[in-house]
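Contents: one structure, followed by commentary.
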Amino acid sequence: MPASRYADAGGVRYHYLDLGQGPDTIFLHGGGPGCTGWSDFGPVAPLFARDRRCLIVDILQYGASEKCRISGPMWTFHAAKTIALMDALGVRTADFICNSWGGTIALCLAAAHPDRVRSLVITGSMPVFYGPLAPLPENGHRGRNARDVYYGGDGPTREKMRSLITRLEWYDADRLPDETLEMRWRQSLDPGERELAAMSDSPRGEWQDLTAELGRVEAPALFMWGREDAFLTPDYPMMLARMVRKGNLHVMDHVSHHLQEERPVAYHAIVDGFLRSVDHP
């Protein structure tokens with residue numbers, strides 16, 4: 001893993017990795033237990049770093065970033081803090097490559113700050129909970145329910161982490177690397193993350209639907225989706241692609257929720273092609 005870096009931004013402390021040279025590209029990971037920027041994008045980051053500056057961020061409450069408590073609408077909070085991080089790092093505009101929670105943050109950011117986003121790659125994110133596909137499975141709480149199960153009972157174990165990843169994130173359980181499992185499990189034991197998971201109130205902020213915001217996203221967006229995604233079928237990102245003015249959709253076979261980890265070479269090829277098609281200043 002590249003050397004850790006830290007930045008103070010908007011009153012909070014972020015941990016991030018910085019590798020490669022070229023257009024600024026911000027990677028925002030998903031919200032599963034033990035997720036970090038490197039756990040979610042480590043397999044694919046070296047491919048992008050050949051011709052891009054890759055800023056791989058631990059979102060707040062995850063990894064080595066600050067375990068602050070969030071009040072108010074959660075995506076608005078994360079988007080504002082991410083803008084503050086960009087300011088702290090001297091990044092005026094960036095491409096965003098995101099998974100799950102990170103993609104919803106980026107969509108909220110792009111709607112509020114269109115001048116800061118060149119393009120968006122959104123993988124397995126769920127920013128909308130109403131409309132023609134509502135109600136979503138478990139009212140959109142499947143991930144949160146899985147978190148409660150993982151941290152409940154006797155607490156986190158390596159086998160519970162394996163079950164969570166192979167049930168909800170990976171299509172082929174036999175391909176899950178031991179180092180990925182170990183990384184996620186070890187991070188999930190972080191005292192700050194366990195403290196947040198044990199809180200009975202809402203330390204992650206108020207859940208927020210972005211239906212109104214999607215129509216304000218100006219940047220070209222590519223929605224990447226696993227054909228076997230455990231959360232939602234590809235009908236859902238097709239709806240999202242239509243809600244965003246310059247929305248596109250690619251459905252990848254034999255993957256579930258973490259395309260960029262399970263098939264990094266294929267993921268990079270498709271995303272790189274999309275990024276090269278965008279007219280970068």
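Table for the structure above
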{"quantity": "Length added when fully stretched, ASP172-SER277, from 0.36 nm per residue minus Cα-Cα", "calculated": "34.7 nm"}
{"quantity": "Solvent-accessible area per residue, Å², over the chain with all protein chains present [probe radius 1.4 Å]", "calculated": "41"}
{"quantity": "Helix-only [θ]222 nm of the chain, DSSP H runs n ≥ 4, -39500 (n - 2.57) each, per residue, nearest 500", "calculated": "-11000 deg cm²/dmol"}
{"quantity": "Whole-number percent relative contact order across the stretch 4-279, with pairs defined as alpha carbons under 8 Å at least 6 apart", "calculated": "22"}
{"quantity": "Per-peptide average of other Cβ atoms within 10 Å, ordering 66-73, 112-119, 96-103, 257-264 highest first", "calculated": "96-103, 257-264, 112-119, 66-73"}
{"quantity": "Most fluctuating residue given options ASP24, ASP58, ASP174, as computed from a GNM of the chain linking Cα atoms under 10 Å", "calculated": "ASP174"}
{"quantity": "Gaussian network model of the chain, springs between alpha carbon atoms under 10 Å - residue of GLY247, GLY153, GLY63 with greatest fluctuation", "calculated": "GLY153"}
{"quantity": "Length-normalised contact order of the stretch 182-281 in % [C-alpha pairs under 8 Å, at least 6 apart]", "calculated": "24"}
{"quantity": "Surface share of carbon and sulfur [accessible, 1.4 angstrom probe, percent] for the chain", "calculated": "50"}
{"quantity": "Among 27-35, 224-232, the order from most to least packed when residues are scored by Cβ within 10 Å on average", "calculated": "27-35, 224-232"}
{"quantity": "Range of Cα positions in the stretch 4-279 per principal axis (Å), largest first", "calculated": "52, 39, 36"}
{"quantity": "ARG69 versus THR233: modelled label distance in nm, points set 7 Å from Cα along the beta carbon direction", "calculated": "4.2"}
{"quantity": "Charge dipole (debye, nearest 20) of the chain; +1 at Cβ of Lys and Arg, -1 at Cβ of Asp and Glu", "calculated": "380"}
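The values are calculated or read from the model by the stated rules, or taken from the named source; none is laboratory data. Just so it is clear, the structure is predicted and the values come from calculations on it, not from any experiment. Using ideal geometry, Cβ is built from the backbone for each residue, glycine included, and neighbour counts are taken over all protein chains shown. Surface areas here come from the heavy atoms of the whole protein model, side chains and all, with no ligands, DNA or RNA. Shrake-Rupley method; radii C 1.70, N 1.55, O 1.52, S 1.80 Å.
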